[in-house]
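A quick write-up on the structure given underneath.
No value in this document is a laboratory result; all are computed from the given coordinates. Quantities reported herein were computed from a predicted structural model and do not represent experimental measurements. Every residue, glycine as well, gets a Cβ built from its backbone with ideal geometry; the counts of neighbours run over all protein chains shown.
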Amino acid sequence: SKIAFLSRALKPDERTPVAALRPDAIVKRDSRDMVFVVGKDDQVKLTPVAAGAKVGDLVRVDLAPGTRVVIAPPERLVDGATIAAAKK
């Protein structure tokens, strides 16, 4: 677990939850930043993302908070593949 303390109060526009990923979740395909989004049926969909500012060790992305993605996807993973999620 990491704990961080703010050095100043948050501005109203900084209070909105944002999606942020480990950088190794983002892959390059055709010179574009992409992630594998995991659907309800455990099928992955290769999805373009706009990588933004760093948030600690994470990278801000334009996905809805709570979107499930594959972390460190193997090179052989392809769009439409069915995966088995790792147990916590």
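So the values come out like this:
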{"quantity": "Electrostatic dipole magnitude of region 16-61 [Cβ: Lys, Arg +1; Asp, Glu -1; Cα centre; debye, to 20]", "calculated": "120"}
{"quantity": "For region 18-23, 3J(HN,Hα) per residue [Karplus equation, 6.51 cos²θ - 1.76 cosθ + 1.60, θ = phi - 60°, Hz, x = Gly/Pro]", "calculated": "10, 8, 9, 10, 5, x"}
{"quantity": "Placed amide H near residue 77: partners under 5 Å, 5+ positions off or other chain", "calculated": "none"}
{"quantity": "Backbone HN-Hα couplings from phi across region 70-84 [Karplus 6.51/-1.76/1.60, Hz, Gly and Pro as x]", "calculated": "7, 8, 6, x, x, 4, 7, 5, 10, 4, x, 5, 9, 10, 10"}
{"quantity": "Count, lysine Cα pairs under 19 Å in the chain, 8 or more residues apart or across chains", "calculated": "7"}
{"quantity": "Amide H contacts of residue 68 (H built 1.01 Å from N, under 5 Å, at least 5 apart or other chain)", "calculated": "38"}
{"quantity": "Fraction of the pair-distance distribution of the chain above 19 Å, Cα-Cα pairs, percent", "calculated": "45"}
{"quantity": "Cα-based shape type of region 16-61, given that a ≥ b ≥ c are square roots of the gyration tensor eigenvalues and the cut on a/c is 1.5", "calculated": "oblate"}
{"quantity": "Charged-residue dipole, Cβ positions (Lys, Arg, Asp, Glu), the chain about Cα centre, Debye nearest 20", "calculated": "300"}
{"quantity": "Built amide H within the under 5 Å cut-off of residue 20, gap 5+", "calculated": "61"}
{"quantity": "Listed residue (61, 12, 74) projecting farthest to the positive dipole end of the chain, Cβ model", "calculated": "12"}
